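K.L.:
I am attaching a structure below and will ask some questions about it afterwards.
The values are calculated or read from the model by the stated rules, or taken from the named source; none is laboratory data. Bear in mind the structure is a predicted one, so any value in this text is a computation, not a measurement. Ideal geometry is used to build each Cβ from the backbone, glycine not excepted, and the neighbour counts take in all protein chains shown. The area values use the complete protein model at the heavy-atom level, side chains included, leaving out ligands, DNA and RNA. Shrake-Rupley method; radii C 1.70, N 1.55, O 1.52, S 1.80 Å.
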Amino acid sequence: MAERPSRQVVAAYEGADRGTGNTSIAFDSADIYKWSGTSKERAESWGYFTTDGREVPYIKRDRDLGQTFLYTGKTLKTLTAITVATGYGTNAVRLNTYQKAVSIQIFAVSGEPVPNDNGSDATTEAFHGFPHNRMGDSILHHRDDYFTGETYTSLAVFSGAVFPGKRAFGFATETEAVSPDHPRLKGRLLRFNLPASKPVVLKPGTRYAFLIMLDRKGDECGFTLANNYYGTYPDGHGIRRDGNGVFPPAAADPARAFTDPANANAYTSAHFPADFAKRTAIPPGTNGYPDVCTWRDLLFYVEAK
């Protein structure tokens with residue numbers, strides 16, 4: 001766990017919604033159909049929709065989360081630390097996330113974000129996004145917007161971090177049963193100290209990004225990051241790596257098993273490549289299913305010296 005940074009902060013945003021949203025880094029071994037219909041397999045919520053109102057089922061996607069930011073300093077500085085916070089939702093830290101390996105990837109970002117409305121405007125509801133049930137609830141048209149126009153160049157991947165154990169959150173033992181909704185899990189700062197042996201030098205007037213990821217898939221593995229869905233940070237936005245990075249997700253057949261050959265494309269679409277280097281080669285963006293990070297800003301602090 002960490003304290004709020006007080007020195008060497010070169011970019012930051014401190015906003016966070018205090019509702020029940022569970023915007024999460026997720027790398028769970030359990031497959032789930034996103035589908036409102038029936039299935040012999042595990043299914044939840046809704047798929048996405050076509051322009052003619054048809055629901056398309058897909059398999060829930062793996063997810064890394066992060067943020068773009070602008071270095072506004074006047075001199076070169078070396079990136080030393082990035083701090084984020086756990087979120088305030090009902091599933092803040094999932095049951096088996098403690099002491100799992102975590103990595104952080106740093107990018108240089110070129111170009112400018114150009115909004116794409118995904119074919120939905122003020123006259124048309126979004127085709128995916130909260131509250132997901134397009135047929136019964138109204139989905140605001142900007143809920144499926146995403147940005148194009150930016151290029152992400154990977155500068156470094158730092159591995160070796162570990163998600164804190166239960167004692168770090170104030171619990172007595174590592175074996176204690178802890179509800180993912182426990183108040184002690186929410187709004188807790190997570191600091192990534194970056195090694196000087198692999199320096200990332202920030203250049204004045206340049207935009208960068210970080211992306212946080214769980215290294216290995218596991219049962220009930222994931223944790224939320226505190227954020228404003230409608231953020232006001234002026235120099236960047238939230239990002240994610242979502243499944244295999246191809247959009248929209250390949251359609252699945254919920255009447256069949258996840259690993260049925262008929263679902264091969266849907267299964268690949270939902271999951272990161274097994275090879276870690278191939279996973280980190282997938283460029284991030286703002287598009288995602290069921291939600292997007294287009295208007296989102298994480299609570300974050302970037303430090304450099």
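K.L.:
What number of residues in the stretch 6-20 are assigned to a loop (DSSP other than H, G, I, E, B) and either under 10 Å from V302 (Cα atoms) or open to solvent by 50 Å² or more (accessible area, probe 1.4 Å) (or both)?
P.N.:
7
K.L.:
Another question, if that's okay. Going by the structure shown, is T75 open to solvent by 40 Å² or more (accessible area, probe 1.4 Å) and at pLDDT below 95?
P.N.:
No.
K.L.:
Another one. Identify, from the list F127, F147, the residue that is under 20 Å from V246 (Cβ atoms) and touching an Asp or Glu at 6+ places or on another chain (Cβ under 7 Å). Walk me through how you get there before you give the answer.
P.N.:
Numbers: F147 fails: touching an Asp or Glu at 6+ places or on another chain (Cβ under 7 Å).
Step by step, each of F127, F147 is checked, and only F127 is under 20 Å from V246 (Cβ atoms) and touching an Asp or Glu at 6+ places or on another chain (Cβ under 7 Å).
K.L.:
Next question, about the same structure. Please find, within the stretch 137-158, the residue that is surrounded by the fewest Cβ atoms within 10 Å (Cβ to Cβ) out of those that are aliphatic (A, V, I, L, M) and touching a strand residue (DSSP E or B) at 6+ places or on another chain (Cβ under 7 Å).
P.N.:
A156
K.L.:
Count, please, the residues in the stretch 159-174 that happen to be surrounded by 16 or more Cβ atoms within 10 Å (Cβ to Cβ) and in a strand (DSSP E or B).
P.N.:
Number of matching residues: 1.
K.L.:
L65 - would you say it is under 25 Å from S179 (Cβ atoms) and at pLDDT 95 or above?
P.N.:
Details: under 25 Å from S179 (Cβ atoms): yes; at pLDDT 95 or above: yes.
Considered against the rule, which asks whether it is under 25 Å from S179 (Cβ atoms) and at pLDDT 95 or above, L65 comes out as yes.
K.L.:
Assess whether A177 counts as being of a type in the set (A, V, I, L, M), under 25 Å from R240 (Cα atoms) and not in a helix (DSSP H, G or I).
P.N.:
Criteria not met by A177.
K.L.:
Just give me the residues in the stretch 26-81 being touching a strand residue (DSSP E or B) at 6+ places or on another chain (Cβ under 8 Å), of a type in the set (K, R) and assigned to a loop (DSSP other than H, G, I, E, B), in sequence order.
P.N.:
If the condition is that a residue be touching a strand residue (DSSP E or B) at 6+ places or on another chain (Cβ under 8 Å), of a type in the set (K, R) and assigned to a loop (DSSP other than H, G, I, E, B), then R42, K60, R61 are the ones that fit.
K.L.:
I've got another one for you. Going through A281, A250 one at a time, which residue ends up being aliphatic (A, V, I, L, M), open to solvent by 70 Å² or more (accessible area, probe 1.4 Å) and touching a residue at least 40 places away in the same chain (Cβ under 8 Å)?
P.N.:
Only one candidate passes the filter, namely A281.
K.L.:
Does G111 count as modelled with pLDDT of 95 or more and more than 30 Å from L189 (Cβ to Cβ)?
P.N.:
Working: modelled with pLDDT of 95 or more: yes; more than 30 Å from L189 (Cβ to Cβ): yes.
So G111 passes the test.
K.L.:
Of everything in the stretch 123-136, what is open to solvent by 70 Å² or more (accessible area, probe 1.4 Å) and within 20 Å of T286 (Cβ to Cβ)? Give them in sequence order.
P.N.:
Let us first name the residues in the stretch 123-136 that are open to solvent by 70 Å² or more (accessible area, probe 1.4 Å), namely 123, 130, 135.
Result: F130, single match.
K.L.:
On to the next question. Just one of G89, G119 is open to solvent by 30 Å² or more (accessible area, probe 1.4 Å) and either over 23 Å from V9 (Cα atoms) or in contact with a helix residue (DSSP H, G or I) (Cβ under 8 Å, 6 or more places away or on another chain) (or both); which is it?
P.N.:
G119
K.L.:
Of all residues in the stretch 126-158, count the ones that are outside any strand (DSSP E or B) and of a type outside the set (A, V, I, L, M).
P.N.:
Of the residues in the stretch 126-158, 16 are outside any strand (DSSP E or B) and of a type outside the set (A, V, I, L, M).
K.L.:
Hey, another quick one. May I ask you to list the residues in the stretch 199-219 that are under 30 Å from A30 (Cβ atoms) and open to solvent by 70 Å² or more (accessible area, probe 1.4 Å)?
P.N.:
Narrowing the stretch 199-219 to residues under 30 Å from A30 (Cβ atoms): 209-219.
Within the stretch 199-219, R216, K217, D219 qualify.
K.L.:
Looking only at residues in the stretch 98-116 that are in contact with a Pro (Cβ under 9 Å, 6 or more places away or on another chain) and assigned to a loop (DSSP other than H, G, I, E, B), which one is most open to solvent (accessible area, probe 1.4 Å)?
P.N.:
So, considering only residues that are in contact with a Pro (Cβ under 9 Å, 6 or more places away or on another chain) and assigned to a loop (DSSP other than H, G, I, E, B), the one most open to solvent (accessible area, probe 1.4 Å) is Q99.
K.L.:
Exactly one condition in (1) in contact with an Asp or Glu (Cβ under 8 Å, 6 or more places away or on another chain); (2) loosely packed, with under 14 Cβ neighbours inside 10 Å is false for A196; which is it?
P.N.:
That leaves (1) as the condition not met.
K.L.:
Among residues belonging to the stretch 181-202 that are in contact with a Gly (Cβ under 9 Å, 6 or more places away or on another chain) and part of a loop (DSSP other than H, G, I, E, B), point out the one that is modelled with the lowest pLDDT.
P.N.:
The selected residue is P195.
K.L.:
Can you name the residue in the stretch 220-247 that is of a type in the set (S, T, Y) and within 17 Å of T86 (Cβ to Cβ) and, of all such residues, is most open to solvent (accessible area, probe 1.4 Å)? Lay out the reasoning, then the answer.
P.N.:
Here is the first cut: in the stretch 220-247, the residues of a type in the set (S, T, Y) are 224, 229-230, 232-233.
Applying the additional criterion that residues be within 17 Å of T86 (Cβ to Cβ) yields 224, 229.
Numbers: T224: 2, Y229: 22 Å².
Here the answer is Y229.
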